[in-house]
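The values are calculated or read from the model by the stated rules, or taken from the named source; none is laboratory data. Every value quoted in this text rests on a predicted model; they were computed, and no experiment measured them. Don't worry about glycine lacking a Cβ; one is built from the backbone with ideal geometry, like all the others, and counts go over all protein chains shown.
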Amino acid sequence: MQSIIKKIKKMDKKIVKMINIGQWIFFLISLMGVAILFIHYKLYISAELYYVGIEVFKIGIIGVISVIACSCTLWLIKEKNRT
């Protein structure tokens, strides 16, 4: 476990910045999905609004996971090329 933490601390600053920006973007998308669901809960305009809220929230969660996975893969490729 300690070796994994040391490797993460050595991660390239550009990749860490990319992870942070991506997480914030997809966090805001997820928050928008929650807002849509809240509007649906309070006003019950249509059932389609519920499905739109669920899909937007899912896109945000999947996006965060994708950003982390792709950034870690990019970091591993860069590490292999250095050695």
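Summary of computed values
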{"item": "Long-range neighbours under 6 Å by Cβ, at least six apart or interchain, first residue more than 18 Å from Val34 (Cα to Cα) within region 54-83, second surrounded by 14 or more Cβ atoms within 10 Å (Cβ to Cβ) and not β-branched (Val, Ile, Thr)", "result": "Val67/Gly22; Ser71/Met18; Trp75/Met11"}
{"item": "Any hit, region 61-78, residues being under 30 Å from Ile5 (Cβ atoms), among the hydroxyl-bearing types (Ser, Thr, Tyr) and at pLDDT below 90", "result": "yes"}
